[in-house]
Amino acid sequence: MDETKCYAQVRGSVIRVTRLDACGVPQPGDSAVVVSKRISTITLDEVSDSGTNIRERNFGDELCIVDDAPEQTLGYSFEAALCGVDPALITMMTGQPIVKNAAGDIVGFDAETGIDLDGFGFAVEVWSRIAGNACIAGNGRRNYGYSVFPFIKGGRLGGFSYENGPVSFSIQGAQTRDGQQWGVGPYDVDHSAGVAPFTEGPLFTPLGENNHFRNILVTVPPPAAQCGASALVAA
């Protein structure tokens, strides 16, 4: 009999952001992936449409026609408060260009108008810790909370201030989209079932076309965070 796993996720651990094309397909190549801890918070809110309710009254001011439209979920807004500056992370989410110095080092980013926010997308994976004893008895593995948002568009730089404290940038205005092409994903995120030695592999169940996020337990540790972007090798 299948067993249901109940758990409590606490404290974000690391995020991985992957470059997508305009249709939500992961884009292999250089500077295609950012793995970072430079995140203070990630906030998701439901975006919905209440539709049009039809209500007609007769000449006695009595309701004679009632047809209320159900509220429909369109997606989820995505906002991120950054902890420090990783130009590659900002570029991946907003399309703003990076800036290099004379030595060729990436030292910052520009904030320009006219960015085509519909011309690219990005996927976000978030790992979190599990409260209590997260170890799996008998096999030496740990559980991790894993959330994947496979297709996001529209990230913009939010406002910020210079003060007696950290200068904090944020990503605002992004929203999950229908039509994702993530499938099982381009990464190994979970172990196989059965007995040791356990092999690592992608998601066991592919994401559906209109899946906006998935939240599950996994047993493969999150990737190591680093400054800057790295390559994504074509499958």
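The values are calculated or read from the model by the stated rules, or taken from the named source; none is laboratory data. None of these values were measured; they are calculated from a predicted model. Cβ coordinates were reconstructed from backbone atoms using ideal geometry, including for glycine residues, and neighbour counts include every protein chain displayed. Side chains included, ligands, DNA and RNA excluded: accessible areas come from the protein's heavy atoms. Shrake-Rupley method; radii C 1.70, N 1.55, O 1.52, S 1.80 Å.
Observations
- Scan of the range 164-185 for residues that are farther than 21 Å from Asp86 by Cβ and of a type outside the set (S, T, N, Q), ordered by number: Arg177, Asp178, Gly179, Trp182, Gly183, Val184, Gly185
- Test: residue in the range 86-93 that is touching a Ser or Thr at 6+ places or on another chain (Cβ under 9 Å), part of a strand (DSSP E or B) and under 17 Å from Cys227 (Cβ atoms): no
- When Arg16, Arg11 are screened for being open to solvent by less than 60 Å² (accessible area, probe 1.4 Å), among the charged types (D, E, K, R) and touching a residue at least 40 places away in the same chain (Cβ under 8 Å), only Arg16 passes.
- Residues satisfying the stated conditions in the range 25-35, i.e. modelled with pLDDT of 95 or more and small (Gly, Ala, Ser): Ala32
- Members of the range 111-134 found to be of a type outside the set (A, V, I, L, M) and touching a strand residue (DSSP E or B) at 6+ places or on another chain (Cβ under 6 Å), listed by number: Gly121, Phe122, Glu125, Trp127, Ser128, Arg129
- Picking from residues in the range 55-76 that are of a type in the set (D, E, K, R) and outside any strand (DSSP E or B), the one that is least open to solvent (accessible area, probe 1.4 Å) is Asp68.
- Verdict on Val99 being assigned to a strand (DSSP E or B), open to solvent by 80 Å² or more (accessible area, probe 1.4 Å), β-branched (Val, Ile, Thr) and in contact (Cβ under 8 Å) with a residue 12 or more places away in the chain: no
- When the range 204-226 is filtered for residues that are touching a Gly at 6+ places or on another chain (Cβ under 9 Å) and touching a residue at least 40 places away in the same chain (Cβ under 8 Å), the ones remaining, listed by number, are Leu207, His212, Asn215, Ile216, Leu217, Val218, Val220.
- Set Thr4, Thr41: member being more than 21 Å from Asp118 (Cα to Cα), of a type in the set (S, T, N, Q), open to solvent by 60 Å² or more (accessible area, probe 1.4 Å) and not in a strand (DSSP E or B): Thr4
- Filter result for Gly29 (more than 17 Å from the chain's Cα centre (by Cα), touching a residue at least 24 places away in the same chain (Cβ under 8 Å), open to solvent by less than 40 Å² (accessible area, probe 1.4 Å) and within 22 Å of Phe151 (Cβ to Cβ)): yes
- Among the residues making up the range 156-180, those that are touching a strand residue (DSSP E or B) at 6+ places or on another chain (Cβ under 8 Å), over 20 Å from Thr73 (Cα atoms) and not β-branched (Val, Ile, Thr) are Arg156, Leu157, Gly158, Gly159, Phe160, Ser168, Phe169, Ser170.
- Residue within the range 113-131 that is part of a strand (DSSP E or B), touching an Asp or Glu at 6+ places or on another chain (Cβ under 9 Å) and surrounded by 13 or more Cβ atoms within 10 Å (Cβ to Cβ) present: yes
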